[in-house]
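Participant: The structure follows.
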Amino acid sequence: MTQETADIIVCGAGHNTLITAAYLAKAGLDVLVLEKNEMIGGGVISREIPGAPGFISNPHAQGIVLMAANPVITRDELGLFAKFGLEIVERDTMYATQFEDGSFITQWLDVDKVCQSIAKFSERDADAYRRFARIAAKLLPLLSQGLFAPPTPLGSLFMMLDQSREGRFVLSQLMDSAYNVIDSFFEHEQVKLHYMHYVAELMISPEQSGTGVVPFLLTGLIHSVKPFHIKGGSGNLSNSLGRCLAHHGGRIRRGAMVEKILSRGGRVTGVRLKGGEEILARKGVVGSIHPHDLGAMVEGVDKFTAKQAAHVKLSNFGAFNTHLALREPPNYLGGAEVNNAMMVECVPMGMENFRRSFDELRYGRIPDYNNYDVACISRVDPTQVPQAGNASLYLYKFAPLQLAEGGNAGWAHIKAETMQRFIDGYTRYAPNMAGNIIAGYCETPQDMYEHNPVFKYGDIFGVGTFLNQFFSYRPTPELGQYRVPGVAGLYLAGPTTHPGGGVTGGGRASAIAMMTDLGIPLKNYFQA
């Protein structure tokens, strides 16, 4: 039997690795993508809600912010819009925070509108936000430089930052916590909660040192690019990438789980699938490989590199996702302005309880703190529901990766009761939920890990977004340029690499690294 071969083997068909594969195929390489699931996309997928035909859920990715600044989108480098059917719906609001007393703050694209929303709580904080937004806008070019290309080595970046007043300010924020930064700018508790909760969506506690620059980066992005969602479901982004890959001659094999990366003489030679089949790579292999698995999965990897990778820290917590088919969209206490936000953060008042909730997560317990993040994309995209007036709802809550009782596997025993508990808590923000649910399902951190092994124990960001795992130190200094020491021709892509988790399109940077080493002229394929 003839052994299968390809120029490039891509392990995993998440949106990042699909982007890497598409660039390489466009450059004329024979690319084979191997995916263990039948559905491509990793965390960027869509599926029908069981028991509710025509109701589409997006299990992970909802509104998209960071990728909105990626040249894959802004310059359509892969032709996803022009040739491969990608359609997006842009939004004027990224999110709104709904408090239990009916008050709310809306995070508009327009700075003046945000200030008006904050002024309901504090005129001083409205002025402070205007200053904060100006600083964020000034810092954005510095913070976003290299987000979608191989990162500047962190040591060089620190030296560069230390040469100017603005740079030294960024350094000080990098080493501080988001909590301290937000607390120093704003006075009203609800305004602080509005921004601290948004920072926590990176699956890190706002009091974690090294997160202070995050509010500036997020604020700068919100006011410079329009967030969007994918028309018809987030999975259509992955589907358009699949069409792009096929157009350029690339192939995808589903149901093909890579168990081992093979090497000989210090160079990658191919992969071994579950079941024993081996496939040869003529020029290289790229994969979304979790650092904890590197030593066992890759033949010949440098021992020091493998040891460092095994000690990479996961995020502070994960998420418990609930997907509901509704007779009508949720109607929030705040009314139309909150209803029409792309994402709604439901946050109880009380800073002390907010802070304590992260301690509960740290010790493997589900906090009593009734906070939720919610998306009802179908409100403006009726293609995701069977008839006008229906709604498909995404409801998630922070959850420990490992339960104090039962660890990650313990989720299987409490998922149904936990789902109902979260739905009941959510009705305090959207009272019309009573009797509104047609069907639903939930995903625990354990479920997410089983779907995608890079979501280690349900860590949807792959690894923690901490200062020592940021930029060129993500996931480790040795792996921060996407190459694997000891195995030439092996590259990394996915949420564990720069720029990090979420929908970033970061696979573009992996493609740049590979094409540089292969001697392919970058100017022919990358416009910025």
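The values are calculated or read from the model by the stated rules, or taken from the named source; none is laboratory data. Given the structure is predicted, the values throughout are model-derived calculations rather than measurements. Cβ coordinates were reconstructed from backbone atoms using ideal geometry, including for glycine residues, and neighbour counts include every protein chain displayed.
Participant: Consider only pairs whose beta carbons are under 9 Å apart and that are at least six residues apart or on different chains; among these, list those whose first residue lies in segment 309-331 and is more than 11 Å from ASP459 (Cβ to Cβ) and whose second residue is of a type in the set (Val, Ile, Thr) and modelled with pLDDT under 95.
Facilitator: Note: no pairs meet the criteria.
Participant: Hey, can you tell me all the residues within segment 292-320 that are part of a loop (DSSP other than H, G, I, E, B) and either on the phi > 0 side of the Ramachandran plot or out of contact with any Pro (no Cβ under 7 Å at 6 or more places or on another chain) (or both)?
Facilitator: GLU299, GLY300, VAL301, HIS311, LYS313, LEU314, SER315, ASN316
Participant: Also, I was wondering about something else. Among the residues of segment 94-134, what is the count of those that are of a type in the set (A, V, I, L, M, F, W, C) and assigned to a helix (DSSP H, G or I)?
Facilitator: Total meeting the criteria: 9.
Participant: Right, something else. Check off (1) surrounded by fewer than 15 Cβ atoms within 10 Å (Cβ to Cβ); (2) modelled with pLDDT of 95 or more for MET175 and give me the number that stays unchecked.
Facilitator: (2)
Participant: Condition first: more than 13 Å from TYR332 (Cα to Cα) and outside any loop (DSSP other than H, G, I, E, B). Now tell me which residues in segment 422-441 satisfy that.
Facilitator: PHE422, ILE423, ASP424, GLY425, ILE437, ILE438, ALA439, GLY440, TYR441, listed by residue number.
Participant: Separate question: Suppose we filter segment 183-215 for residues that are in contact with a Lys or Arg (Cβ under 8 Å, 6 or more places away or on another chain), among the charged types (D, E, K, R) and assigned to a helix (DSSP H, G or I); how many remain?
Facilitator: Residues in segment 183-215 being in contact with a Lys or Arg (Cβ under 8 Å, 6 or more places away or on another chain), among the charged types (D, E, K, R) and assigned to a helix (DSSP H, G or I): 1 in total.
Participant: Just to be sure before I move on: is GLY249 at pLDDT 95 or above and over 29 Å from ASP381 (Cβ atoms) in the structure I sent?
Facilitator: Considered against the rule, which asks whether it is at pLDDT 95 or above and over 29 Å from ASP381 (Cβ atoms), GLY249 comes out as yes.
Participant: Being surrounded by fewer than 18 Cβ atoms within 10 Å (Cβ to Cβ) and either among the aliphatic types (A, V, I, L, M) or touching a residue at least 24 places away in the same chain (Cβ under 8 Å) (or both): is that true of SER122 here?
Facilitator: yes
Participant: While we're on this one: So, in segment 366-421, exactly how many residues are closer than 30 Å to LYS231 by Cβ, of a type outside the set (Lys, Arg) and not in a strand (DSSP E or B)?
Facilitator: Qualifying residue count for the region: 16.
Participant: On to the next question. Name every residue in segment 410-420 that is surrounded by 13 or more Cβ atoms within 10 Å (Cβ to Cβ) and not polar (S, T, N, Q), in order of residue number.
Facilitator: Residues satisfying the conditions are GLY410, TRP411, ILE414, LYS415, MET419.
Participant: So, one more: Against the definition (surrounded by fewer than 21 Cβ atoms within 10 Å (Cβ to Cβ), under 15 Å from PRO453 (Cβ atoms) and touching a helix residue (DSSP H, G or I) at 6+ places or on another chain (Cβ under 8 Å)), how does LYS260 come out, yes or no?
Facilitator: Here the answer is yes, as LYS260 does meet what is asked.
Participant: I'm checking my understanding of the structure. Among residues of segment 280-294 that are out of contact with any Ser or Thr (no Cβ under 7 Å at 6 or more places or on another chain) and over 18 Å from ASN37 (Cβ atoms), which one is surrounded by the most Cβ atoms within 10 Å (Cβ to Cβ)?
Facilitator: In this case the residue turns out to be VAL285.
Participant: So, one more: Failed condition for SER240, given (1) of a type outside the set (Lys, Arg); (2) at pLDDT below 95; (3) buried (at least 19 other Cβ atoms within 10 Å of the Cβ), with all others met?
Facilitator: Unmet for SER240, out of (1) of a type outside the set (Lys, Arg); (2) at pLDDT below 95; (3) buried (at least 19 other Cβ atoms within 10 Å of the Cβ): (2).
Participant: Sort out which residues of segment 7-28 are closer than 13 Å to LYS283 by Cα and either free of Cβ contacts under 8 Å to residues at least 40 places away in the same chain or surrounded by fewer than 23 Cβ atoms within 10 Å (Cβ to Cβ) (or both), and write them in order of number.
Facilitator: ASP7, GLY28
Participant: Look at segment 140-182 and say how many of its residues are closer than 24 Å to GLN107 by Cα, assigned to a loop (DSSP other than H, G, I, E, B) and among the small types (Gly, Ala, Ser).
Facilitator: 0
Participant: What are the residues in segment 454-498 that are acidic (Asp, Glu) and either under 16 Å from ASN316 (Cα atoms) or within 14 Å of the chain's Cα centre (by Cα) (or both), if any?
Facilitator: ASP459
Participant: Which ones in segment 421-464 are of a type in the set (Ser, Thr, Tyr) and buried (at least 16 other Cβ atoms within 10 Å of the Cβ)?
Facilitator: Matches in segment 421-464: TYR426, TYR429, TYR441, THR444, TYR449, TYR457.
Participant: A follow-up question, please. Can PHE358 be described as in a helix (DSSP H, G or I) and within 20 Å of GLN446 (Cα to Cα)?
Facilitator: yes
Participant: Working carefully through the options PRO386, PRO382, PRO400, find the one that is closer than 18 Å to TYR449 by Cβ and either of a type outside the set (D, E, K, R) or within 22 Å of the chain's Cα centre (by Cα) (or both).
Facilitator: Every option except PRO400 fails the conditions.
Participant: Just need a number here: residues in segment 68-83 that are buried (at least 20 other Cβ atoms within 10 Å of the Cβ), hydrophobic (A, V, I, L, M, F, W, C) and farther than 25 Å from ALA200 by Cβ.
Facilitator: Summing the residues that are buried (at least 20 other Cβ atoms within 10 Å of the Cβ), hydrophobic (A, V, I, L, M, F, W, C) and farther than 25 Å from ALA200 by Cβ in segment 68-83 gives 4.
Participant: Another question about this same structure. What number of residues within segment 11-34 are outside any strand (DSSP E or B) and touching a helix residue (DSSP H, G or I) at 6+ places or on another chain (Cβ under 8 Å)?
Facilitator: 14
Participant: Does GLN481 count as in contact with a helix residue (DSSP H, G or I) (Cβ under 7 Å, 6 or more places away or on another chain) and over 26 Å from PHE228 (Cα atoms)?
Facilitator: yes
Participant: Another one. List, please: which pairs have Cβ atoms under 7 Å, are six or more places apart or on different chains, and start with a residue in segment 393-411 that is of a type outside the set (Asp, Glu) and end with one that is loosely packed, with under 14 Cβ neighbours inside 10 Å and not in a helix (DSSP H, G or I)?
Facilitator: That search, which allows pairs on different chains as well, returns ALA404/TYR363.
Participant: Under 30 Å from LYS26 (Cβ atoms), in contact (Cβ under 8 Å) with a residue 60 or more places away in the chain and small (Gly, Ala, Ser): which single residue out of GLY494, GLY519 fits that description?
Facilitator: GLY494
Participant: Mind checking which residues of segment 378-414 are closer than 15 Å to GLN62 by Cα, in contact with a Ser or Thr (Cβ under 6 Å, 6 or more places away or on another chain) and not small (Gly, Ala, Ser)?
Facilitator: The answer is GLN384, LEU395.
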